[in-house]
Amino acid sequence: MDFEFEVSGNDLKGSMVYTDGVTYNFTGVRAPLMVREKAPVWGAPIKLFNGQNTKGWHTDGKNQWIVDHGILKSPHSGANLITDKTFTDFKLHVEFRYQQGSNSGVYLRGRYEVQIIDTKSGEPEPINNQFSAVYGFLPPNKMMAKDPGQWQSYDITLVGRLVTVVANGRTVIFNAEIPGITGGAINSKEGEPGPILIQGDHGPIDFRNITITPVK
């Protein structure tokens, strides 16, 4: 790929010639620092999944998500599931179960993916793409993945760019800075609120007990 670009102030403009010879134009802006001056004051917890249907969510394509006996299921690869509401800083609890070789992820503000993947029997991946990693950026300090078919949990706190991930009861990422958006982000507007997005395009995945505690 061949890139040409120039920087003017905080803006970047340029073009890319892809491997097939097609030219694409792009623009960029400087990523915001997103430093919080005060510690967060948390509001009341909100159940994002009511256990009955997908009210409060929408998909980015043809919907394959179903609710079966209180379990939110994507029985096969298809669309991603996105909350109607958007959030700034929050604490998120989510429980999930994957089949052997399956793969999913939870996108914070729709921009930063915390990876869900069958690390034990799936395809080999770099450590920063594995279970409980912030995809492509932040690896876990310990691998806490269970076997396929078992229920597992993440407790994730996001304040500005700083993220803490607790996987199956163990803190594996602590107050680490996410440097930028991960692949599959809904957009690059990092300074704006964003939704919770659940990846549904990488095989079967089940969820339950999805709760968010937003900042006041």
Top of Ile198, Ile186, Ile82 by mean-square fluctuation, Gaussian network on the chain, Cα under 10 Å: Ile186
Accessible carbon and sulfur surface of the chain relative to its total accessible area, %, 1.4 Å: 51 percent
Burial ranking of peptide ranges 7-14, 94-101 (average Cβ count within 10 Å, highest at the top): 94-101, 7-14
Using a 10 angstrom cutoff on alpha carbons, build the Gaussian network for the chain and name the most mobile of Ser121, Ser153, Ser102. Ser121
Does segment 9-130 come out rounded, prolate or oblate by the C-alpha gyration tensor, with a ≥ b ≥ c the root eigenvalues, rounded set by a/c under 1.5 and, if not, prolate when a/b is larger than b/c and oblate if not? oblate
Cross-link pairs beyond the 29 Å C-alpha cut-off, checked among Lys55/Lys91; Lys13/Lys142; Lys120/Lys216; Lys73/Lys120: Lys13/Lys142; Lys120/Lys216
Give me a comma-separated list of calculated 3J(HN,Hα) values for segment 171-188, in order, Karplus coefficients 6.51, -1.76, 1.60 applied at θ = phi - 60°, integers in Hz, x for any Gly or Pro. 6, 10, 9, 10, 6, 9, 8, 7, x, x, 6, 9, x, x, 4, 5, 6, 10
Segment 3-66 shape via C-alpha gyration tensor axes, a/c threshold 1.5: oblate
Residue-normalised value, i.e. accessible area per residue, for the chain at 1.4 Å probe, in Å², stands at 53 Å²
State whether segment 152-203 is rounded, prolate or oblate according to the following rule on the C-alpha gyration tensor (a ≥ b ≥ c being the square roots of its eigenvalues): a/c under 1.5 gives rounded; otherwise a/b larger than b/c gives prolate, and the remaining case gives oblate. oblate
Based on alpha-carbon centroids, what's the gap between segment 27-77 and segment 108-158 in Å, whole number please? 17 Å
Accessible surface of Ile181 in the full protein assembly, 1.4 angstrom probe, to the nearest 10 Å²? 60 Å²
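The values are calculated or read from the model by the stated rules, or taken from the named source; none is laboratory data. This structure is a prediction, so every number in the text was calculated from the model and none was measured. Every residue, glycine as well, gets a Cβ built from its backbone with ideal geometry; the counts of neighbours run over all protein chains shown. What goes into the accessible areas is simple: the full protein's heavy atoms, side chains included, and nothing from ligands, DNA or RNA. Shrake-Rupley method; radii C 1.70, N 1.55, O 1.52, S 1.80 Å.
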